[in-house]
Protein chains: 4
Amino acid sequence: MSGNSFGKLFTVTTFGESHGIAIGGVVDGCPPGLEITEEDLQVDLDRRKPGTSRYTTARREDDEVQILSGVFEGKTTGTSIGLLIKNKDQRSQDYGNIKDRFRPGHADYTYDQKYGSRDYRGGGRSSARETAIRVAAGGIAKKYLKEVHGIEVLGYLSQLGPVTVDKVDHSVTNTNPFFCPDESKLDALDEYMRDLKKSGDSIGAKVSVVAKNVPVGLGEPVFDRLDAEIAHAMMGINAVKGVEIGDGFDVINQKGSEHRDTLTPEGFTSNHAGGVLGGISTGQDIEVHMALKPTSSISVPGKTINKDNEEIDIVTKGRHDPCVGIRAVPIAEAMLALVLMDHLLRHRAQNAGVQSTTKPIAGQA
Amino acid sequence: MSGNSFGKLFTVTTFGESHGIAIGGVVDGCPPGLEITEEDLQVDLDRRKPGTSRYTTARREDDEVQILSGVFEGKTTGTSIGLLIKNKDQRSQDYGNIKDRFRPGHADYTYDQKYGSRDYRGGGRSSARETAIRVAAGGIAKKYLKEVHGIEVLGYLSQLGPVTVDKVDHSVTNTNPFFCPDESKLDALDEYMRDLKKSGDSIGAKVSVVAKNVPVGLGEPVFDRLDAEIAHAMMGINAVKGVEIGDGFDVINQKGSEHRDTLTPEGFTSNHAGGVLGGISTGQDIEVHMALKPTSSISVPGKTINKDNEEIDIVTKGRHDPCVGIRAVPIAEAMLALVLMDHLLRHRAQNAGVQSTTKPIAGQA
Amino acid sequence: MSGNSFGKLFTVTTFGESHGIAIGGVVDGCPPGLEITEEDLQVDLDRRKPGTSRYTTARREDDEVQILSGVFEGKTTGTSIGLLIKNKDQRSQDYGNIKDRFRPGHADYTYDQKYGSRDYRGGGRSSARETAIRVAAGGIAKKYLKEVHGIEVLGYLSQLGPVTVDKVDHSVTNTNPFFCPDESKLDALDEYMRDLKKSGDSIGAKVSVVAKNVPVGLGEPVFDRLDAEIAHAMMGINAVKGVEIGDGFDVINQKGSEHRDTLTPEGFTSNHAGGVLGGISTGQDIEVHMALKPTSSISVPGKTINKDNEEIDIVTKGRHDPCVGIRAVPIAEAMLALVLMDHLLRHRAQNAGVQSTTKPIAGQA
Amino acid sequence: MSGNSFGKLFTVTTFGESHGIAIGGVVDGCPPGLEITEEDLQVDLDRRKPGTSRYTTARREDDEVQILSGVFEGKTTGTSIGLLIKNKDQRSQDYGNIKDRFRPGHADYTYDQKYGSRDYRGGGRSSARETAIRVAAGGIAKKYLKEVHGIEVLGYLSQLGPVTVDKVDHSVTNTNPFFCPDESKLDALDEYMRDLKKSGDSIGAKVSVVAKNVPVGLGEPVFDRLDAEIAHAMMGINAVKGVEIGDGFDVINQKGSEHRDTLTPEGFTSNHAGGVLGGISTGQDIEVHMALKPTSSISVPGKTINKDNEEIDIVTKGRHDPCVGIRAVPIAEAMLALVLMDHLLRHRAQNAGVQSTTKPIAGQA
């Protein structure tokens, strides 16, 4: 038990079920003196929240976050920060029919077996609804990283089913409901999603996140390597089935002479490594990719079993995203921000005053 | 700092540099009563150790592990287990020439920047040599998992450069120096590696691990999900750049109707999920894949910088694996065993006496 | 940072300031299936809450706790439990006058120096108000310990200034506002406190807690010994300056022949050890004592400095307990329950199925 | 399980039994650049080691510590430090007679019940022998604290049975085998101990430790308060039954007007608090006291039970300290140094660049 905390020095602990009274959490370890308001956190919550486009679930939640503690006269005090989001649109009745059955692809069966019973309303704790608090907590980390260190964390949709993104223009990402950074692919995405909704099916996606201006030196080998903690964070996002740093699975068929990033006095000449060498940030962009499975809740009929181990038919009605990957973009940003924040503090603890005689080289040329 | 421990209840803490006096570690949390000898651990150490074939480094290390504590009259006592492997073939002179330069693709630059200096002999702490202790610790976990729960953890090479494996026969894996489970590919591997060595270059690889007979219920959402911890463990292995659970990156272009694994009274009919749903084991095989980058130490000439930020030529001489992926097989097994062991204990803590009214269904049909 | 969590497997994380919007917390790791209601937790909250007698602060707080998650259909689900208590009687204006000065004996100066500023309203995070959440969380632990293992955790006032308790009758403790277990001392306490209030001064106290029916075997040497964790828990209660297990400081002048508790087939013949040997519970009563300093907020005039480092006079007005030790009784119970709960889970993880060939002997004769 | 680690950022993990091959440990989180040699650590090991005077056990151990990793060219590298001390004088035969019996006052019974069996040779893991590694690890912390921050950690014997210490002169402490800081009490101690040895009995003791030049601001409320962690550390030392900070148990009968330490522009005028307010260091001396029970191994005959639950006679022969409190002095210093080191790093992580507008006042006048 007790798996609801993330981070060692900048620690986020969350609670809350999809259709309970509220979801919430505690951010512990935020340095004092950071100006933060609920509005700051709302920006990303609004990006993640349901009901914003026809491509996401119709459930309507304002996702208004309340800061209950740890901020005084507009600034963090260094004490723990309580966060709360009340659930509003809790149509529990929608979910009575899943009480006694295990939806394929969902956590119904595993929660039931692990705990002996489960809060079946909308997936309970296994619902992606809890990620709203990750986004709020990540918002605090993002603000600190940006204001104190100039670090930016930028996510985007890099593939949706067969539609791949060819060009990454971060200024485009937030102008469309797909978080797609390539304007030329918006029509293709729109068309694909319209057809998909008609078919009642769902589709997987690839999401990428990049962190810019990360200083060299973050990561604590040999187990708490920066890449290992990023993998933990990303694979811990609902529906994620694969994580890559830098070239990822492409390295399988790369030669050493091809993969290694050459250092020059002006900086690295390439970034196959994705900004991490030996588990420690290089000062280049941190590049992370992840694969998200298609939503399991679809209206295409299927088979499953009920609690009495009997075979039954299943058609998931209700309000669901046909591609959960889309709304995962702000969640992935939040998780990367949490990892970087935690490792910034850990590195700071260890190395105050330590300086290499070699100056850091510039980022990727 | 303090990133050299792994696991919450079954905790492994390691120390040691490539060319120091010794490497070692502490396994804390092993239940009492397990029969264990140094010979038990030696089996996997011998599988990982260098110098066993012409496809691995020529460095010769016996990798003889000593159990210093925690075992009495042949059985674990429940107290912490000290492990020690003395370094023998420490040709430090081989490495004097890398003292003032940063080998591309290695952790030389990041360690230097992080810590202000580094033990440059053979990569110091960043060398994969430290993984020998992970293998020894994993051996304890593997024995417990096997003897008490019948769980088996089986790794294999699934791709090496362009050579893919078509068939997985676990009885073949340990009969060849590639850990290849497909007998029909041994000639192709042999030929590819011979050419590669001639060229002085290196190549990436894909390694897979499967765990059989894992009970349903392991994993602690929402952050310490089983898949998240596996991703942490695997991405923390030297050279790993990508991790997949189940279908991994293939899910990007899968439909929901295609991906979801149907439950029947006789068990699941497929295992796209790779044995984890909602971060909790399903009782099916846990299936993990990872991508390992090509060795950065190659004799193909390249450019880099020295500590004075001057551009210099580099040709890595010395003893290196042309494909680090090969020897990663026992390491990947060890890390998966450590994750499963830790989560077995964590689940046990929480749920003693808890039983679902639904009986677990059988594994994958 | 991030020091607001307690426990490894049964983990409590808290937030909230004395005069903020609310205080709250997360209980992570409670086994599923425990019946729990807000009323269950209210019992101890009411024992701790201010304004219940003339011997405690006049601040009025209902301390009504809300369970926000982790409980479904009346039972814990195994997921994290969100707890919330809204602050009501937040007379911040009372505290404007302490904004720029450091009250002696309080944490004003240390918080200001540590964090660079502080929430000065009523002591902010350093106020004992946060302990209400500890009491609520401890209530969950107490219920589990009692219902599943028959363990009872019983606190009482054992000394208040010069008034010592001679007899411990647990049935008396909750019948008086002093939590005094000795009926014959109630008049003396009443008289002492009346005089004390008149003088405007405050007084220290000794509080004791005993845990009954604790099984043999709890505690994880060598650092997470049961007694060490109890000491951590108790010294972490506001105002506590000393902690004893069993005979405590009396052992300084004891002989070995006097101190050692003899084992007989019928059980131990004495309990000088206080129920812990080698950091592991013996099966006897766990006996803990602690010393609490007098309230620093008194109306006896004193000197201190302000933020400009100038000497000033100080007289603390406002609502304060003349003896904080009294209300510490339910807090001490809660903390002991949290330690026992955490160690029960930790021991369970490790030793499922392990049995000594020696049967446990009975408790203290 | 897994209770053999101490500290969050500066983490010590230990292993080893009294009569096993070796004891050892890992220090993880030491900042790079600290000059350290085995000789540095040997100083305190020699103070703790057995066989140095007629008042301690006659067991002879050189306690020669080996640094196996983490130090390169005389300086720490920032990687984990492996420590090893081989056991030499392992007269296991001395202990065959305790194999099947539970020595009163020892951990024999609790280890046997907890783990189902135990390494009975000399107490196995429960022997104070393991504290040698704590002393070695603490030596690293002490050196860092001293060299980088000017912090000194000074322990001494403050009472032995009825002999109390009246005057603390730290220059006297290490000139006598009692670690007594009061020269005028050496004869009384000598006489008392001679009589005690003749009687075959043992005696308790009080040990104190003070830390000087600790900066204001260490400690992480509300659970990881500095005083709480000190209590954890001290109560975790074998035989300790009570811990006090500052005035400790004397506060029970103190008035608020008497206890509170007045702040003046020149510093605090007293230190009843023992250097901690609200769980955070004040900048004054940290003052800690602890009570150690008398050795349970005495030659005064007693009763106990064997593994078959039969009553038997017991007379402990062998080599034992008549007062374990004496050799606890360097152990207590080590543990306080470990706590301070850990909290120094934790505070540094959090508050880099944070500065109160109020300047710290001087220490105790």
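The values are calculated or read from the model by the stated rules, or taken from the named source; none is laboratory data. Every value quoted in this text rests on a predicted model; they were computed, and no experiment measured them. Cβ coordinates were reconstructed from backbone atoms using ideal geometry, including for glycine residues, and neighbour counts include every protein chain displayed.
Here are some notes:
- Summed over region B:280-297, the residues that are touching a strand residue (DSSP E or B) at 6+ places or on another chain (Cβ under 7 Å), assigned to a loop (DSSP other than H, G, I, E, B) and surrounded by 24 or more Cβ atoms within 10 Å (Cβ to Cβ) give a count of 4.
- Within the option set C:Gly70, C:Gly123, C:Gly74, being of a type outside the set (D, E, K, R) and within 30 Å of C:Asn176 (Cα to Cα) holds for one residue only, C:Gly123.
- Search result, residues across region D:230-273 that are in contact with a Lys or Arg (Cβ under 9 Å, 6 or more places away or on another chain), under 22 Å from C:Val324 (Cβ atoms) and more than 7 Å from every other protein chain (Cβ to nearest Cβ): D:Asp250, D:Ser270, D:His272, D:Ala273
- The number of residues in region B:135-167 being within 14 Å of another protein chain (Cβ to nearest Cβ) and charged (D, E, K, R) comes to 1.
- Scanning region C:153-173 for residues that are among the polar types (S, T, N, Q), within 22 Å of C:Val214 (Cα to Cα) and surrounded by fewer than 17 Cβ atoms within 10 Å (Cβ to Cβ) returns a single hit, C:Ser171.
- Top-ranked residue of region A:123-133 - restricted to ones that are out of contact with any Gly (no Cβ under 8 Å at 6 or more places or on another chain) and more than 21 Å from B:Pro360 (Cα to Cα), ranked as farthest from the other protein chains (Cβ to nearest Cβ): A:Ala132
Matching residues to (1) facing another protein chain (nearest Cβ under 10 Å); (2) touching a residue at least 40 places away in the same chain (Cβ under 8 Å); (3) in contact with a strand residue (DSSP E or B) (Cβ under 6 Å, 6 or more places away or on another chain):
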position: B:Gly302; (1), (2), (3): yes, yes, yes
position: B:Lys307; (1), (2), (3): yes, yes, no
position: B:Glu310; (1), (2), (3): yes, no, no
position: B:Ile314; (1), (2), (3): yes, yes, yes
position: B:Ala328; (1), (2), (3): no, yes, yes
position: B:Ile331; (1), (2), (3): no, yes, no
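- Failed item in (1) touching a helix residue (DSSP H, G or I) at 6+ places or on another chain (Cβ under 8 Å); (2) modelled with pLDDT under 95, with C:Ala132 passing the rest: (2)
- Scope region A:178-190; condition touching a residue at least 24 places away in the same chain (Cβ under 8 Å) and out of contact with any Asp or Glu (no Cβ under 9 Å at 6 or more places or on another chain); matching residues: A:Phe179, A:Cys180, A:Ala188, A:Leu189
- Listed here are the helices (runs of 4 or more DSSP H) enclosed by region A:154-237 that have at least 3 residues being more than 22 Å from A:Met341 (Cβ to Cβ): A:186-199.
- Some residue of region B:109-120 being over 27 Å from A:Leu344 (Cα atoms), facing another protein chain (nearest Cβ under 9 Å) and in a helix (DSSP H, G or I): no
- Test: residue in region C:332-353 that is surrounded by fewer than 24 Cβ atoms within 10 Å (Cβ to Cβ), small (Gly, Ala, Ser) and on the phi > 0 side of the Ramachandran plot: yes
- Flag for B:Glu220 being within 9 Å of chain A (Cβ to nearest Cβ) and within 15 Å of the chain's Cα centre (by Cα): no
- Test: B:Leu34 is farther than 24 Å from D:Thr79 by Cα, buried (at least 24 other Cβ atoms within 10 Å of the Cβ) and touching a residue at least 12 places away in the same chain (Cβ under 8 Å): no
- Subset of region A:238-279 [aliphatic (A, V, I, L, M), free of Cβ contacts under 8 Å to residues at least 60 places away in the same chain and either assigned to a strand (DSSP E or B) or on the phi > 0 side of the Ramachandran plot (or both)]: A:Val243, A:Ile245, A:Val276, A:Leu277
- Of all residues in region B:273-313, those being over 21 Å from the mean Cα position of the chain (by Cα) and within 14 Å of B:Asp201 (Cβ to Cβ) number 5.
- Selection status of A:Lys142, crowded, with 24+ Cβ neighbours inside 10 Å, basic (Lys, Arg), over 30 Å from B:Lys359 (Cα atoms) and modelled with pLDDT of 95 or more: yes
- When residues of region C:180-217 are limited to those that are of a type in the set (D, E, K, R) and within 14 Å of chain D (Cβ to nearest Cβ), the one surrounded by the most Cβ atoms within 10 Å (Cβ to Cβ): C:Lys206
- Unmet requirement for C:Arg225, which otherwise passes all of (1) more than 7 Å from chain D (Cβ to nearest Cβ); (2) of a type in the set (Lys, Arg); (3) buried (at least 22 other Cβ atoms within 10 Å of the Cβ): (1)
- Condition met for D:Gly105 (within 14 Å of chain C (Cβ to nearest Cβ), in contact with a His (Cβ under 6 Å, 6 or more places away or on another chain) and not basic (Lys, Arg)): no
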